[in-house]
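Quick notes on the structure that follows.
The values are calculated or read from the model by the stated rules, or taken from the named source; none is laboratory data. Small disclaimer: the values here were computed from a predicted structure and weren't measured. Cβ placement follows ideal geometry from the backbone for every residue including glycine, while neighbour counts extend to all protein chains displayed.
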Amino acid sequence: MEPSISTSVGSINLERPVMLASGILGISLDVFRRLHRNGAGAVVTKSLSKEPWEGYPNPTIFGLKNGGWINAVGLSNPGAPYFAKMIEPNNEIPIIVSLVGSIPEDFEFMIKQFENCKITAYELNLSCPHVAKVGLEVGDDPELVKKIVTVVKNTTKIPIIAKVGLGTTHYLDTVGTAIECGIDAITALNTIRAMAINVDTKRPILSNKYGGLSGPPIKPIALRCVYEISSKYDVPIIGCGGISTWEDAVEFFLAGASAVQIGSAIGDNWIGVFDDINSGIKKYMSENGFSTIREMIGVAKKS
């Protein structure tokens, strides 16, 4: 019998375990449809705010010689109300809406904009490393995380995912707080605060000076975080960070993830990477006697 690559992240059911990570592509419904047709189990939108944000001036992205990227786009987006109207016609694509804000009322307002939209889940961005007063500054404050998750859970019945990162406090404390407040799943990991300097100009390369490191360099760190979270907490996990091959995806399943997100790998083979990874996962499952994704989850933790 052919293995099944369908998976569940808590109550979120996906036909395929590989999804688009937040912040990589724009907010075009046509692009989302194309990605879904070509193997994406779900698409996570760019992080949306209550009001439109312009983001930072160029340069905002820098490619590293040893692979990976540092970016400080600044969460540019047209705002949740505009985006909600844009995706209202959707009735076939699993869309996970990423939200960013600084107070509970921001999130409550944004979720109410999507009442007439078909949404698979919301992902709360509690970990952007390069925008002040949101992201990591929120995730580093357990009391604020508690207030935000509580308000969001009281506002919608749709599953809620918390995306965590490495800030000034221990990320496991943020995870624990979110779980106590009823979070449905955790995405680990966001980009990691980093920078690059031009040796000729002797100045930081990015206009914001600091950005978020993504791609292969952060994969071992993200994998470790997934393993730690799954070892300490009983919560569905979505692995994210440097995943570009089926081998990477399988590692995250074995560490405890139920699904994975890919971002930087889109730059090399943006339309084919989902099917490539899905096919590799299925072949690995067949060769190793796994009939479902669930059978692989957390196997690396077994003695």
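Report yes if Ala185 is touching a Pro at 6+ places or on another chain (Cβ under 7 Å), surrounded by 19 or more Cβ atoms within 10 Å (Cβ to Cβ) and touching a residue at least 40 places away in the same chain (Cβ under 8 Å), otherwise no.
When the stated conditions are applied, Ala185 passes them.
Report yes if some residue within segment 271-288 is in contact with a Leu (Cβ under 9 Å, 6 or more places away or on another chain) and surrounded by fewer than 20 Cβ atoms within 10 Å (Cβ to Cβ); otherwise report no.
The first filter runs over segment 271-288 and keeps only residues in contact with a Leu (Cβ under 9 Å, 6 or more places away or on another chain), leaving 271, 274.
Those still in the list that are surrounded by fewer than 20 Cβ atoms within 10 Å (Cβ to Cβ) too: 271.
Looking for residues that are in contact with a Leu (Cβ under 9 Å, 6 or more places away or on another chain) and surrounded by fewer than 20 Cβ atoms within 10 Å (Cβ to Cβ), one finds at least one in segment 271-288, hence yes.
Would you please list the contacts, defined by Cβ atoms under 6 Å and residues six or more apart or on different chains, that run from a residue in segment 71-90 that is more than 30 Å from Pro217 (Cβ to Cβ) to a residue that is among the polar types (S, T, N, Q) and assigned to a loop (DSSP other than H, G, I, E, B)?
If the second residue must be among the polar types (S, T, N, Q) and assigned to a loop (DSSP other than H, G, I, E, B), the pairs left are Glu88/Asn116.
Just to check your reading of the model, which residue among Lys163, Lys219, Lys146 is of a type in the set (D, E, K, R) and in contact (Cβ under 8 Å) with a residue 40 or more places away in the chain?
When all the criteria are applied, what remains is Lys163.
For segment 135-167: of the residues being out of contact with any helix residue (DSSP H, G or I) (no Cβ under 9 Å at 6 or more places or on another chain) and surrounded by 23 or more Cβ atoms within 10 Å (Cβ to Cβ), which is farthest from Val97 (Cα to Cα)?
Leu136
So, of the residues in segment 234-247 that are surrounded by fewer than 22 Cβ atoms within 10 Å (Cβ to Cβ) and free of Cβ contacts under 8 Å to residues at least 60 places away in the same chain, which turns out to be farthest from Phe62 (Cα to Cα)?
Ranking the candidates gives Asp234 first.
I'd like to know if segment 222-240 contains one or more residues that are at pLDDT below 95 and under 21 Å from Cys128 (Cα atoms). Spell out the reasoning first.
Our first condition is that a residue be at pLDDT below 95; within segment 222-240, this holds for none.
No, segment 222-240 has no match at all.
Would you be able to say whether some residue in segment 60-67 is surrounded by 15 or more Cβ atoms within 10 Å (Cβ to Cβ), of a type in the set (Lys, Arg) and more than 18 Å from Val152 (Cα to Cα)?
No, segment 60-67 contains no residue that is surrounded by 15 or more Cβ atoms within 10 Å (Cβ to Cβ), of a type in the set (Lys, Arg) and more than 18 Å from Val152 (Cα to Cα).
All but one of (1) buried (at least 16 other Cβ atoms within 10 Å of the Cβ); (2) at pLDDT 95 or above hold for Gly212, so report the exception by its number.
With (1) buried (at least 16 other Cβ atoms within 10 Å of the Cβ); (2) at pLDDT 95 or above applied to Gly212, the lone miss is (2).
Listed here are the residues, each with its yes/no results for (1) over 20 Å from the mean Cα position of the chain (by Cα); (2) among the aliphatic types (A, V, I, L, M); (3) under 22 Å from Ile61 (Cβ atoms).
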position: Pro220; (1), (2), (3): no, no, no
position: Ser258; (1), (2), (3): no, no, no
position: Gly267; (1), (2), (3): no, no, yes
position: Ile277; (1), (2), (3): no, yes, no
position: Lys302; (1), (2), (3): yes, no, no
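Taking the stated definitions as given, is Thr174 modelled with pLDDT under 95 and either assigned to a loop (DSSP other than H, G, I, E, B) or crowded, with 19+ Cβ neighbours inside 10 Å (or both)?
In short, yes.
Could you check Ala42 against (1) of a type outside the set (Ser, Thr, Tyr); (2) modelled with pLDDT under 95; (3) in contact with a Leu (Cβ under 8 Å, 6 or more places away or on another chain) and say which number it fails?
(2)
For residues in segment 1-43 being under 30 Å from Pro129 (Cα atoms) and without any contact (Cβ under 8 Å) to a residue 12 or more places away in the chain, which is surrounded by the fewest Cβ atoms within 10 Å (Cβ to Cβ)?
Per the stated criteria, the residue is Asp30.
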